[in-house]
Amino acid sequence: MVTSRIAATGAGIPDQIITNDDLAKIMDTSDEWIRQRTGIGERHISGGEDLSYYTSKAAKQIIERAGIAPADIELIVVATVTADYCTPSAACMVQKEIGAVNAVAFDVTAACSGFLYGVSVADKFIRCSIYKNALVIGGEILSKIVDWKDRSTCVLFGDGAAGVLLERSESAGGILVEELGSKGEDYEVLTARRLAPANVFNKLEPQKECGHVTMDGRAVFKFATKKIVSGVEHVLETAGLSAEDITYFVPHQANARIVEVAAKKLKIPQERFYVNIEHYGNTSAASIPIALNEMNEKGLLHKGDKLILCGFGGGLTWGTLLVQW
Ligand code: ACO
């Protein structure tokens with residue numbers, strides 16, 4: 001049976017660290033409020049570089065660690081809502097930067113679930129034997145779309161990129177089970193960058209534009225805990241596994257409290273959930289691959305380990321993957 005397995009990880013993270021105390025100097029907030037409500041202590045914020053700089057940095061690290069030549073990469077998928085341009089795609093910019101001249105490159109947009117959607121798409125191309133490998137990167141420069149005058153959202157987010165190389169495998173393992181879902185009817189709960197249609201022939205009332213992230217925080221909180229719980233239950237049941245068979249649960253890092261509530265509902269000790277939000281904030285599509293790369297660098301992941309990755313975000317979208325390392 002053909003499957004796709006994760007062969008390498010890598011990341012590109014801004015050097016600049018902005019602490020809660022740094023934010024408290026420029027807005028009415030405090031380290032205590034942010035930590036208590038979210039678990040965030042600091043975040044990495046771009047010093048001016050755009051997304052392509054960090055996605056390309058992540059890509060270079062992944063291919064170096066995988067020992068693969070750029071020309072042998074067959075597919076590049078970048079998950080993001082903050083690409084440098086509407087076109088070209090972020091993936092085409094990575095292609096140029098790393099010299100992956102033979103790859104097909106495109107982006108997927110599923111906000112904080114984006115990396116999981118990207119892995120799912122790449123996995124299908126590999127399983128269908130269309131491509132042998134795929135670079136899948138999640139990256140965001142959220143600092144360019146948050147409203148720095150809105151303390152209820154801007155303190156939550158950070159910048160960065162990370163990803164994996166997926167490779168065709170004929171042995172057991174890899175991406176074992178997935179559950180993706182979308183609920184467009186609730187799209188207004190979480191939006192970013194509304195560009196209104198405007199042209200010289202407009203017949204309608206001008207529509208409202210909004211350049212920033214808007215969010216109903218409480219609605220997102222409820223949706224997120226519900227989807228972590230149902231996603232984890234679904235993939236465990238589909239795989240015929242119990243929570244004890246899973247080495248780590250790797251959730252999207254939106255808020256440490258969301259993970260606490262979900263872990264409690266699932267009756268799974270919280271320590272089994274990998275949480276690094278304290279140092280990154282919410283990096284949307286980058287959060288799960290940043291966590292995976294950090295776990296890999298710390299030597300926490302061993303061949304055969306089973307992981308459950310779960311994400312949720314704008315759209316609304318969600319996804320849960322069972323992955324064997
Ligand atoms: N510092 C200090 N006070 C603040 C701040 C801040 N940064 N932000 C808001 N407040 C104030 C509010 O003005 C309000 O004051 P008031 O009572 O005088 O009106 C008070 O704190 C409470 O505000 P709420 O918005 O009700 O705070 P809540 O307890 O709901 O926490 C939070 C907000 C942290 C956003 C929470 O709703 C949450 O975590 N939601 C989940 C959403 C999430 O994590 N989204 C991330 C992006 S989406 C994604 O990744 C899918």
So which of LYS265, LYS226 is farther than 14 Å from LEU316 by Cβ and either in contact (Cβ under 8 Å) with a residue 40 or more places away in the chain or basic (Lys, Arg) (or both)?
LYS265
Here are some conditions: (1) in contact with a Leu (Cβ under 8 Å, 6 or more places away or on another chain); (2) within 21 Å of ALA83 (Cβ to Cβ); (3) away from the ligand (no atom under 16 Å from the Cβ). LEU195 meets all but one. Which one does it not meet?
(1)
State yes or no: is GLY304 over 26 Å from ARG151 (Cα atoms) and more than 10 Å from the chain's Cα centre (by Cα)?
yes
Among the candidates PHE223, PHE249, residue that is of a type in the set (Phe, Trp, Tyr) and in contact with a Lys or Arg (Cβ under 8 Å, 6 or more places away or on another chain):
PHE249
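Please count how many residues of segment 224-252 are β-branched (Val, Ile, Thr) and either farther than 17 Å from GLY304 by Cβ or modelled with pLDDT under 95 (or both). Outline the logic, then answer.
Step one: of segment 224-252, the residues β-branched (Val, Ile, Thr) are 225, 228-229, 232, 235, 238, 246-247, 250.
Keeping just the survivors that are either farther than 17 Å from GLY304 by Cβ or modelled with pLDDT under 95 (or both) gives 225, 228-229, 232, 235, 238.
So the count comes out to 6.
Specify the residue that is farthest from GLU64 (Cα to Cα); the eligible residues are those in segment 281-295 that are assigned to a helix (DSSP H, G or I) and within 13 Å of the ligand (Cβ to nearest atom). Before you say what the answer is, go through the steps one by one.
We begin by selecting, within segment 281-295, every residue assigned to a helix (DSSP H, G or I); these are 284-295.
Narrowing further to those that are within 13 Å of the ligand (Cβ to nearest atom): 284-288.
On the way: SER284: 25, ALA285: 22, ALA286: 20, SER287: 21, ILE288: 21 Å.
The extreme case among them is SER284.
Here is a yes/no grid of residues against (1) farther than 30 Å from THR225 by Cβ; (2) touching a residue at least 24 places away in the same chain (Cβ under 8 Å):
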| position | (1), (2) |
| --- | --- |
| TYR85 | yes, no |
| SER89 | yes, no |
| ILE98 | yes, yes |
| ALA103 | yes, yes |
| ASP107 | no, yes |
| ALA111 | no, yes |
| ASP123 | no, yes |
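Just checking, which of LEU75, LEU23, LEU51 is in the same structural domain as LEU135 (by TED's automatic domain parsing), over 30 Å from VAL189 (Cα atoms) and not hydroxyl-bearing (Ser, Thr, Tyr)? Working first, answer last.
Details: LEU23 fails: over 30 Å from VAL189 (Cα atoms); LEU51 fails: over 30 Å from VAL189 (Cα atoms).
Only one candidate passes the filter, namely LEU75.
Is it true that LYS227 is assigned by TED's automatic domain parsing to the domain that holds ASP186, closer than 17 Å to LEU322 by Cβ, within 15 Å of the ligand (Cβ to nearest atom) and outside any strand (DSSP E or B)? Show your work before the answer.
Numbers: assigned by TED's automatic domain parsing to the domain that holds ASP186: yes; closer than 17 Å to LEU322 by Cβ: yes; within 15 Å of the ligand (Cβ to nearest atom): yes; outside any strand (DSSP E or B): yes.
So LYS227 fits the description; yes.
What number of residues within segment 249-268 satisfy the criterion of being outside any helix (DSSP H, G or I) and touching a strand residue (DSSP E or B) at 6+ places or on another chain (Cβ under 9 Å)?
Quick first cut of segment 249-268, residues outside any helix (DSSP H, G or I) only: 249-255, 267-268.
Narrowing the set further to residues that are touching a strand residue (DSSP E or B) at 6+ places or on another chain (Cβ under 9 Å) leaves 249-255, 268.
Counting residues in segment 249-268 that are outside any helix (DSSP H, G or I) and touching a strand residue (DSSP E or B) at 6+ places or on another chain (Cβ under 9 Å) gives 8.
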Residues of segment 110-166 satisfying the condition of being within 16 Å of the ligand (Cβ to nearest atom) and among the aromatic types (Phe, Trp, Tyr):
PHE115, TYR117, TRP148, PHE157
Considering (1) assigned to a loop (DSSP other than H, G, I, E, B); (2) over 15 Å from THR320 (Cβ atoms), say which one GLU271 fails and leave the rest.
(1)
Name the single residue, out of those in segment 198-224 being within 16 Å of the ligand (Cβ to nearest atom) and among the hydrophobic types (A, V, I, L, M, F, W, C), that is nearest to GLU178 (Cα to Cα).
ALA224
Of everything in segment 269-290, what is in contact with a strand residue (DSSP E or B) (Cβ under 7 Å, 6 or more places away or on another chain), surrounded by fewer than 24 Cβ atoms within 10 Å (Cβ to Cβ) and among the hydrophobic types (A, V, I, L, M, F, W, C)? Give them in sequence order.
PHE273
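Would you be able to tell me the number of residues in segment 1-39 that are outside any loop (DSSP other than H, G, I, E, B) and more than 16 Å from the ligand (Cβ to nearest atom)?
So the answer is 11.
The values are calculated or read from the model by the stated rules, or taken from the named source; none is laboratory data. Keep in mind that what you see is a predicted model, and the values were worked out from it rather than measured. Positions of Cβ are generated from backbone atoms using ideal geometry, with glycine treated the same way; all protein chains shown enter the neighbour counts.
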